[in-house]
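The values are calculated or read from the model by the stated rules, or taken from the named source; none is laboratory data. Treat the numbers as computed from the prediction; the structure is a model and nothing was measured. Here the Cβ is made from the backbone with ideal geometry for all residues, glycine too, and neighbour counts use every protein chain on show.
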Amino acid sequence: MRWIGIIRILAIVFTLLSTWYLAEQLFTSKWETSSLRKIFDNGVKPQKVQKKIYRKCGNDKDCAENYFAFRIISGAANVVGPSMCLEDTILMSGVKNNIGRGLNIAIVNASTGHLIKTGHYDMYSGDVKDVHKFFEPVEDGSLIFMASYDDVATKLDDEVRNMFGGFGSNYAKNLGFRDSWAFVGGKGLKTKSPFEQYIKNDQKTNKYDGWPEVLEISGCIPKKMD
Ligand SMILES: *[C@@H]1O[C@H](CO)[C@@H](O)[C@H](O)[C@H]1NC(C)=O
């Protein structure tokens, strides 16, 4: 039975050889594609240059001539404040240090895009009268940016909710404790605004423990033409 022994030895040698061969193939091809080839290719082939086109407010699309580019981001829980951008001008942000817990508001001239004023009102422990006062002098033809930060709703009264409805909001009437909300409307609008997002605070669906996720809207707002 000597030949069985020989066959066994041959089989082992064959297995070893083919394993070694495969390993070497793998190693070689990996080596080539990963390190060496890259090093050589860098010197020879022109690198694909990823052109990063910057658009106003970091938006995905350009806006036509008679439109303002904008981006609005609601606050993240009670940690990161909201931000608002119009035509590459930051209206409100943590860096500008003009935001605060509660309701954040920026008023802009709808014809020129110039910032008229900003304000933030704590709607958990603040006074809704201050919100009434803030809006009293606001004229027709003003754009109104609003974003939530932490709790935007506890102190809101029906009068303010109705006023926001008049600015084009669909959800102002529903706003509740710690809901997330981002909105751009206008005083003197005849229609509802397309620029609004709203998420209810719900322990089952919240992104953060006690708060729903951040909301973000970007796009183009038609300028008011006289
Ligand atoms: C916006 O600016 C224009 C031009 O300066 C001015 O006539 C108009 O009254 C302003 N509107 C508001 C609401 O401030």
Item to check | Top-ranked residue in the range 49-80 [being free of Cβ contacts under 8 Å to residues at least 24 places away in the same chain and surrounded by fewer than 10 Cβ atoms within 10 Å (Cβ to Cβ); ranked as farthest from I116 (Cα to Cα)] | outcome: V49
Item to check | Check on T112, among the polar types (S, T, N, Q) and within 13 Å of the ligand (Cβ to nearest atom) | outcome: yes
Checklist entry - G210 passes all but one of (1) surrounded by 15 or more Cβ atoms within 10 Å (Cβ to Cβ); (2) more than 15 Å from the chain's Cα centre (by Cα); which number fails? => result (1)
Checklist entry - What is the residue count in the range 176-226 for residues that are among the aliphatic types (A, V, I, L, M), touching a residue at least 60 places away in the same chain (Cβ under 8 Å) and within 16 Å of the ligand (Cβ to nearest atom)? => result 3
Checklist entry - Right, T154: within 22 Å of G58 (Cβ to Cβ) and either assigned by TED's automatic domain parsing to the domain that holds I217 or at pLDDT 95 or above (or both) or not? => result no
Next on the checklist: Going residue by residue through the range 212-219, is there one that turns out to be out of contact with any Pro (no Cβ under 9 Å at 6 or more places or on another chain), under 18 Å from I107 (Cα atoms) and polar (S, T, N, Q)?
Outcome noted: yes
Checklist entry - Is it the case that the range 81-97 has a residue that's more than 21 Å from V160 (Cβ to Cβ), aliphatic (A, V, I, L, M) and surrounded by 14 or more Cβ atoms within 10 Å (Cβ to Cβ)? => result yes
Checklist entry - Across the range 118-150, which residue is farthest from the ligand (Cβ to nearest atom) among those that are in a helix (DSSP H, G or I) and among the aliphatic types (A, V, I, L, M)? => result V128
